[in-house]
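Input: a single structure, listed below in structure tokens.
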């Protein structure tokens, strides 16, 4: 699956309420909530009153014991190590174990400070000023925790934060997964002390909290020209054991096609305990196939099997409590390429939406376990509105294509202005995705649209702009697809939509891989980006969701569960339904005696 790495932090109402003016009323605070589960998922009404800075995790974690190794299996292989270029969920899980930023997200949908000290800056506590100091549109002041060092012993300071900003904005830096949104609004970063960070913005920026999701080591990134780093220098398999990191683990060894081995970073200080990790090492083992990974778990080869879905639940139901199925902030969807010969026509996108039977996909492929999706916004988000539901209607799809001038040819395939309605359907090698596209291909045939299912490796479809070419099959960042099926993390922070749907954010600048270009969508996202008014943001996102459905920006299929198999011997494993990933607290994992 692919995810929005720039939107790692699941944001709900309190964050944005805190970003309003001083006259805004204090948000109400709910009682401490348990971590999300199938039986205790947060409701939209609860999300509006939750205190996002008070997690129950510190009271739920238990004291562990030192030593041991946990082996994690995944059917996709991580192959990019710089967090700002990564595009796969598994790569984010690796990053959460080795790199840290100002803030992370807990398993119960709260913000937790990481490299930053408590409290995180808000308008309410004076850490955010709008308007800012000295002519700034906004000024944000962070304080970093004392005594933090890189894995090579050098202090982590404000200078690293400045270097990270300059590295992101370097003119030679291309293919950044989240683009430069937000970073480009910074005019300066001052360092009054090694642990004080004052960020000056020329524009109000909605998503200042997760902007520094990762801080990079100044003394490493400044030794290699950025244009060479874009080409992979300094971030290769051989380089990684030498890269200074800030997380509970550091790179040990990388064996392509087999495994990644992480070893404990003894200089790391847990934000809760001040201690390094319990485990000696964490190993990621690559299987290439989900069924082979499940078999490996049953055989005792691995202690955790990650990145399974609703469709896998019938295969593992006999494993009982070892099956961890959490409501995830993920939706599976069809991504029409607005720049392709067929899908650039709004009528073809409308016909696509009508020619997909979501209920049949759920029943035949997912055993009825999934929740049907009609928008990209989670029902748990504070700005969610009930979407319009598009009924499966092949006759209506045909009439829309007829009216738009797509006429059937001799072979039944429609044509318009010399363009044949032949769509390249792209996805990963995951069998349930191939089965889904096979169904969709059949429905498209019934309305006069030919299609070919192309199942390619995750490295091809999710390859970054820098590591792919125009010939890379089905590559998203190079727009080499007609319609792609994959998954995205649900953007509980509404700003997460900007780099994905704004017309100015096509790769290599941003993540608009589908080449969406619509003035109404651009206007809404521009206004959202530049406000810290909670009520206005909610109003804008209601408009965005309406446009998303009407213009068939995408065709959402279903919201997914995050399914993992986890050995009972692992202590403090909680999972994490946000895009931060299950390794968010890997420093607390331990082997039970």
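When you go through 583, 578, 574 one by one, which is the residue that is in a helix (DSSP H, G or I), within 29 Å of residue 73 (Cβ to Cβ) and under 23 Å from the mean Cα position of the chain (by Cα)? Criteria check complete, one pass: 583. In the stretch 153-189, of all residues being outside any helix (DSSP H, G or I) and in contact with a strand residue (DSSP E or B) (Cβ under 9 Å, 6 or more places away or on another chain), the one that is farthest from residue 121 (Cα to Cα) corresponds to 155.
Residues to consider are 475, 454, 497; find the one that is without any contact (Cβ under 8 Å) to a residue 24 or more places away in the chain and either closer than 22 Å to residue 558 by Cα or in contact with a strand residue (DSSP E or B) (Cβ under 9 Å, 6 or more places away or on another chain) (or both).
Unique residue meeting the criteria: 475.
Just to be sure before I move on: is residue 480 buried (at least 21 other Cβ atoms within 10 Å of the Cβ), assigned by TED's automatic domain parsing to the domain that holds residue 362, over 19 Å from the mean Cα position of the chain (by Cα) and not in a helix (DSSP H, G or I) in the structure I sent? So residue 480 passes the test. Taken together, 137, 124, 117 contain a single residue that is assigned by TED's automatic domain parsing to the domain that holds residue 244 and at pLDDT 95 or above, which is 117. Being surrounded by 24 or more Cβ atoms within 10 Å (Cβ to Cβ), assigned to a strand (DSSP E or B) and out of contact with any helix residue (DSSP H, G or I) (no Cβ under 6 Å at 6 or more places or on another chain) is the requirement here; does residue 260 meet it? When the stated conditions are applied, residue 260 passes them. Considering the stretch 511-527, the residues that are surrounded by 21 or more Cβ atoms within 10 Å (Cβ to Cβ) and within 22 Å of residue 169 (Cα to Cα) include one that is modelled with the lowest pLDDT, namely 511.
For residue 98, the conditions (1) within 29 Å of residue 253 (Cα to Cα); (2) surrounded by 19 or more Cβ atoms within 10 Å (Cβ to Cβ); (3) at pLDDT below 95 all hold with the exception of (3).
Is it the case, given these coordinates, that residue 434 is under 26 Å from residue 74 (Cβ atoms), free of Cβ contacts under 8 Å to residues at least 40 places away in the same chain and out of contact with any helix residue (DSSP H, G or I) (no Cβ under 7 Å at 6 or more places or on another chain)? Against the criterion (under 26 Å from residue 74 (Cβ atoms), free of Cβ contacts under 8 Å to residues at least 40 places away in the same chain and out of contact with any helix residue (DSSP H, G or I) (no Cβ under 7 Å at 6 or more places or on another chain)), residue 434 qualifies. Report yes if some residue within the stretch 221-238 is in a strand (DSSP E or B), free of Cβ contacts under 8 Å to residues at least 12 places away in the same chain and out of contact with any helix residue (DSSP H, G or I) (no Cβ under 9 Å at 6 or more places or on another chain); otherwise report no. No, that holds for no residue. So for the stretch 313-327 (the condition being out of contact with any strand residue (DSSP E or B) (no Cβ under 9 Å at 6 or more places or on another chain), surrounded by fewer than 20 Cβ atoms within 10 Å (Cβ to Cβ) and on the phi > 0 side of the Ramachandran plot), does at least one residue qualify? Yes, the stretch 313-327 contains at least one residue that is out of contact with any strand residue (DSSP E or B) (no Cβ under 9 Å at 6 or more places or on another chain), surrounded by fewer than 20 Cβ atoms within 10 Å (Cβ to Cβ) and on the phi > 0 side of the Ramachandran plot. So, residue 504, is that one over 16 Å from residue 86 (Cβ atoms) and in a helix (DSSP H, G or I) or not? Judged against the criteria, residue 504 is a match. The residue that is surrounded by the most Cβ atoms within 10 Å (Cβ to Cβ), counting only those in the stretch 490-510 that are under 22 Å from residue 353 (Cβ atoms) and either modelled with pLDDT under 90 or not assigned by TED's automatic domain parsing to the domain that holds residue 453 (or both), is 490. When residue 16 is tested against (1) surrounded by fewer than 23 Cβ atoms within 10 Å (Cβ to Cβ); (2) within 30 Å of residue 181 (Cα to Cα); (3) at pLDDT below 50, just one condition goes unmet, and that condition is (1).
This table checks each residue for (1) in a loop (DSSP other than H, G, I, E, B); (2) in contact with a helix residue (DSSP H, G or I) (Cβ under 9 Å, 6 or more places away or on another chain); (3) farther than 30 Å from residue 457 by Cβ.
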| site | (1), (2), (3) |
| --- | --- |
| 71 | no, no, no |
| 81 | yes, yes, no |
| 90 | no, yes, no |
| 109 | yes, yes, yes |
| 118 | yes, no, yes |
| 125 | yes, no, yes |
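The values are calculated or read from the model by the stated rules, or taken from the named source; none is laboratory data. All values reported here derive from a predicted model rather than from experimental measurement. Counting neighbours? That spans all protein chains shown, and the Cβs are built from the backbone with ideal geometry, glycine included.
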